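Asker: For reference, the structure I am asking about is given below.
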Amino acid sequence: MSGLSLILEIGKRALEAQQFGISVTSHNIANATTPGYSRQVAGFVPSQPLVTPSGLLGTGVDVAGVTRMRDAFLDQQSRDVNQSMSNASMQNQILTQVQSTFNEPSDNALSGVLTQFFNSWQSLSVNPEDSAARNSVLQSSTQLAQSFHTIDSQLTQLRASLQGDVTDKITSINTLTSQLSALDLQITNAQALGQADNDAMDQRDEKLQELSGLINIQVSYDSRGSMTVTSGGNVIASGAGAVALQSSVQGNQIVVQAGAGGPAVAVTGGELGGVLTMYNSTIPSTLGQLDQAAAALIARVNQIHQAGYGLGTPPPTGNAFFTGTGAADIAVNPAIAADTSLIAASGDGTPGDNTTALAIAGVQTENLMNGNSETIGDFYNNMVSTLGSSVDSTDNQSKQQQSVLTSLQNQQSSVSGVSLDEEMTNLITYQNGYSAAAKVISTVDSMFQTILTMVSP
Amino acid sequence: MRITQTQIVSDFLYNLNNTQNRISQLQTQLSTGQRVNVPSDDPEAADMILRLNVSIGRNEQFTQNVGAAQSMLSTTTNALDGVQQLLSQLQVVMAEAGDGAHATSLGTLGDTVDGILSQAVGLANTEFEGKYVFGGTQTQAPPYVLTPNAAPPPSETVTYNGNGAGIDYPVGEGLTQQANVTGQAAFGGTSLFDTIIRVRDELKAGTVPTAADQTAVQNALNTVLNAAGSAGTIQQSLDAATAQLTQQHTQLLALRSAQQDTDVASATLNLTQEQTTLQAALAVGAKILPMSLVNFLSSTTS
């Protein structure tokens, strides 16, 4: 009798085990498209054998738990690649906007307007007495000043708008870190009860991946599986809680601190890193270069113009042509804008002399920039093409990293992803196992019947 | 390697996206006709294009300047031709005066010379686009002014209000060309007019012009001819400059086009290839993506 009961017990546990397997499989199928979900595998072990005089007798199957299939090393690599990819792609996005403010190559852009400016002085040198030529100098100069203003103000606005981006990103980071802390606590609590909270672990990995797209992070785990997230050496999230990041404008720079009045965080990666690089260094340096070009033009043209003579008796002299000191405030001297006869074309006061106009037209080919090694036009062209190179290289970088990330995600998916074919196969296996176990039970049942019929009258 | 559904889907989307990106790029290149629309399309080419644009702009301006110099010079040459004819006419008059048969009409001949004088002064005060061409850089006032003399002879004096300064036009990279002929170069300052006035005064006074007068007229004529000759030489060199600028312009445009313009043939070919790839990807995707064991199990499980 004890033998038959044992078989019945083995059958019952087999039914339970196959059912457990089917429920794990159906959980997998249900989450096949859930982002960040790692497939789970039901673990079965043979249960403790029974010692009998004939030897050890198997007693069936035990469910050992559910294992999450995940490669922690791939996770870490994905995070590293993700933060440099997001950084490059964010920089690329902003640089593209910077590039578009210049609107090059085009005749209406600054380079074309600069050429028109110098050409108008050449035209004036051909007709120094002509008021139409003077008007065209005034017009091209006004347009030149306007072009400088437009680029300058668009870049300044773009930079100011990045402050909002920084605030948004920091809010997202802080939300993620506090969610991560909560999840970590949930995981370690379950761990203390000897249980693996697989779904919470998946969520934690997913949030960490999301966080790595925003900021550079390092993640470490202790023996209990509790995480510590640091950024630039500062702990920003752990089971003990999250440290909220704060941003503030100090001087001309945005500084990110861990906690109010806390240490400054060196943000080098992620989207936040990209925005900060643009705000703190790239855009100010572009604006600075634009200013340099404008300042050199103003100084040199004024120097020549002040020594020249306009039209009139006596010929007016000593007037500055431009006012202002940089790209933001360059303008044609209002007195000249009101009276074009003040434009100095003559070098000696005679109305037909054109030496001053020629000298100003000659500024186009004078090496005034970069330690007198480049013309203003070349300096500007270099600036634009360097900007183009940056857009191009950040684009390439982000594409490269994207392809590495895709390959890492494929590898992770190879380990963690749910394969419906596989799950269906498992389902059939478990189903067959279930049927077979049921068969065992019905067989034992009929054996019981046989015996019961034997004893019944 | 285990391959899962999500992998197939994400691979498919990633590659499809790349193909569509390339198609969109080629389409922009073909529809704008430009390979470089923003500097990042090809930073090196963009740098070249910006530099070439400057050269092209300068070249076009130089061509305009040469045109202006040529107009100025042809006005000058016309005026000089006129003065030259007047001087020849004067020589005829003087020869007539020397012929004794006409001795009685010397006063009439003097009137003719008077006409020659005023025409010559008129030509010397030729204006072109608001400037007096023979005044050096003093272009805003008539360079030659006749004033009656209170104590003749001579009955009138001529003053040159211009100067001897040349006006240089920029006509090429680092090249300037003087485009004006000053009154000093063309008429020896006032000497041409002084001579005409002297001859007229003599004729009006009934005196036959002397041999010295004839030499002076001949000298004046030579000076005018020399000035016209050098103006002609400048015009020839300006013609050469125009030809060179035009050739340069063509070359610069070709260079810019090589950097900036879409190679339509290869872009079209590439587009066709990408379209084929896209079609293949979509066709394969349509076949592979819906495939799963589930499709084959449905009949047995139900």
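Asker: Closer than 30 Å to B:Q235 by Cα, at pLDDT 90 or above and facing chain A (nearest Cβ under 7 Å): does that describe B:Q70?
Answerer: So B:Q70 does not fit the description; no.
Asker: Would you mind telling me which numbered condition in (1) more than 10 Å from chain B (Cβ to nearest Cβ); (2) in contact with a Leu (Cβ under 7 Å, 6 or more places away or on another chain); (3) not in a helix (DSSP H, G or I) A:E104 fails?
Answerer: Of (1) more than 10 Å from chain B (Cβ to nearest Cβ); (2) in contact with a Leu (Cβ under 7 Å, 6 or more places away or on another chain); (3) not in a helix (DSSP H, G or I), only one is false for A:E104: (1).
Asker: Within segment B:106-143, take every residue that is of a type in the set (F, W, Y) and crowded, with 21+ Cβ neighbours inside 10 Å and give me the one that is nearest to the other protein chains (Cβ to nearest Cβ).
Answerer: Residue satisfying both the conditions and the ranking: B:Y132.
Asker: Still on this structure, I have one more. Can you give me the number of residues within segment A:259-305 that are part of a helix (DSSP H, G or I) and over 30 Å from A:F118 (Cα atoms)? If you could, list the steps in order and put the result at the bottom.
Answerer: Taking segment A:259-305 as the starting set, the residues that turn out to be part of a helix (DSSP H, G or I) are A:270-305.
If we keep only those that are over 30 Å from A:F118 (Cα atoms) too, we end up with A:270-281.
Of the residues in that region, 12 qualify.
Asker: For the structure I just gave you, tell me whether B:I3 is facing another protein chain (nearest Cβ under 8 Å) and surrounded by fewer than 17 Cβ atoms within 10 Å (Cβ to Cβ). Full working, then the answer.
Answerer: Values: facing another protein chain (nearest Cβ under 8 Å): yes; surrounded by fewer than 17 Cβ atoms within 10 Å (Cβ to Cβ): yes.
It is true that B:I3 is facing another protein chain (nearest Cβ under 8 Å) and surrounded by fewer than 17 Cβ atoms within 10 Å (Cβ to Cβ).
Asker: Is there a residue being surrounded by fewer than 16 Cβ atoms within 10 Å (Cβ to Cβ), among the charged types (D, E, K, R) and under 39 Å from the mean Cα position of the chain (by Cα) anywhere in segment A:281-303?
Answerer: no
Asker: Output the number of the condition that A:V45 fails; it satisfies all remaining conditions of (1) within 30 Å of B:N180 (Cβ to Cβ); (2) more than 41 Å from the chain's Cα centre (by Cα).
Answerer: (1)
Asker: Please give the number of the condition A:Q97 fails out of (1) assigned to a helix (DSSP H, G or I); (2) within 30 Å of B:I167 (Cα to Cα); (3) within 14 Å of another protein chain (Cβ to nearest Cβ).
Answerer: (2)
Asker: In segment A:362-404, how many residues are in a loop (DSSP other than H, G, I, E, B) and charged (D, E, K, R)?
Answerer: 1
Asker: Of the residues A:G65, A:G60, only one is at positive phi and without any contact (Cβ under 8 Å) to a residue 60 or more places away in the chain; which? Reasoning before the result, please.
Answerer: On the way: A:G65 fails: without any contact (Cβ under 8 Å) to a residue 60 or more places away in the chain.
Only one candidate qualifies: A:G60.
Asker: Quick one: in segment B:28-56, of everything that is over 29 Å from the mean Cα position of the chain (by Cα) and more than 9 Å from chain A (Cβ to nearest Cβ), which residue is nearest to A:V384 (Cα to Cα)? Before you say what the answer is, go through the steps one by one.
Answerer: Pass one, segment B:28-56, residues over 29 Å from the mean Cα position of the chain (by Cα): B:28-33, B:35-44.
From what's left, more than 9 Å from chain A (Cβ to nearest Cβ): B:28-33, B:35.
Details: B:T28: 21, B:Q29: 20, B:L30: 24, B:S31: 24, B:T32: 21, B:G33: 22, B:R35: 17 Å.
Here the residue is B:R35.
Asker: Could you please let me know if B:V224 is within 32 Å of the chain's Cα centre (by Cα), assigned to a helix (DSSP H, G or I), more than 30 Å from A:T25 (Cα to Cα) and touching a residue at least 40 places away in the same chain (Cβ under 8 Å)?
Answerer: So B:V224 fits the description; yes.
Asker: Another one. Does B:A165 satisfy being out of contact with any His (no Cβ under 7 Å at 6 or more places or on another chain), buried (at least 16 other Cβ atoms within 10 Å of the Cβ), assigned to a helix (DSSP H, G or I) and of a type in the set (A, V, I, L, M)?
Answerer: Here the answer is no, as B:A165 does not meet what is asked.
Asker: A:V41 is checked against (1) in contact with a Ser or Thr (Cβ under 8 Å, 6 or more places away or on another chain); (2) surrounded by fewer than 17 Cβ atoms within 10 Å (Cβ to Cβ); (3) within 11 Å of chain B (Cβ to nearest Cβ); (4) of a type outside the set (S, T, Y) and fails just one. What number does that condition carry?
Answerer: (3)
Asker: Determine whether A:T115 is β-branched (V, I, T), crowded, with 18+ Cβ neighbours inside 10 Å, part of a helix (DSSP H, G or I) and more than 9 Å from chain B (Cβ to nearest Cβ).
Answerer: no
Asker: Name the single residue that is farthest from B:N295 (Cα to Cα) among those in segment A:422-451 being within 12 Å of chain B (Cβ to nearest Cβ) and surrounded by fewer than 17 Cβ atoms within 10 Å (Cβ to Cβ). Working first, answer last.
Answerer: Within segment A:422-451, the subset within 12 Å of chain B (Cβ to nearest Cβ) is A:422-428, A:431.
Next, from what is left, pick out any that are surrounded by fewer than 17 Cβ atoms within 10 Å (Cβ to Cβ): A:425, A:428, A:431.
Working: A:T425: 13, A:I428: 14, A:Q431: 18 Å.
Ranking the candidates gives A:Q431 first.
Asker: With the condition kept exactly as written, say whether any residue in segment B:277-294 is free of Cβ contacts under 8 Å to residues at least 60 places away in the same chain, in a helix (DSSP H, G or I), among the β-branched types (V, I, T) and within 14 Å of chain A (Cβ to nearest Cβ).
Answerer: yes
Asker: If you don't mind, another one. Is at least one residue of segment A:239-260 within 30 Å of A:A64 (Cα to Cα) and not aliphatic (A, V, I, L, M)?
Answerer: Checked against the condition, which is being within 30 Å of A:A64 (Cα to Cα) and not aliphatic (A, V, I, L, M), segment A:239-260 yields at least one hit.
Asker: With the requirement that a residue be free of Cβ contacts under 8 Å to residues at least 60 places away in the same chain, away from every other protein chain (no Cβ under 14 Å) and in a helix (DSSP H, G or I), what does segment B:170-200 give you?
Answerer: B:Q184, B:A185, B:S191, B:D194, B:T195, B:R198
Asker: Kindly indicate whether B:A179 is closer than 15 Å to B:V83 by Cβ and touching a helix residue (DSSP H, G or I) at 6+ places or on another chain (Cβ under 8 Å). Spell out how you get there, then give the answer.
Answerer: On the way: closer than 15 Å to B:V83 by Cβ: no; touching a helix residue (DSSP H, G or I) at 6+ places or on another chain (Cβ under 8 Å): yes.
Against the criterion (closer than 15 Å to B:V83 by Cβ and touching a helix residue (DSSP H, G or I) at 6+ places or on another chain (Cβ under 8 Å)), B:A179 does not qualify.
Asker: Related question: Which members of segment A:344-386 meet the condition of being in contact with a Pro (Cβ under 6 Å, 6 or more places away or on another chain), more than 8 Å from chain B (Cβ to nearest Cβ) and more than 17 Å from A:V301 (Cα to Cα)?
Answerer: Of everything in segment A:344-386, just one residue is in contact with a Pro (Cβ under 6 Å, 6 or more places away or on another chain), more than 8 Å from chain B (Cβ to nearest Cβ) and more than 17 Å from A:V301 (Cα to Cα), namely A:G349.
The values are calculated or read from the model by the stated rules, or taken from the named source; none is laboratory data. Note that the structure is predicted; figures quoted are calculated from it, not measured. All Cβ positions, even for glycine, are placed from backbone atoms using ideal geometry, and neighbour counts span all protein chains on display.
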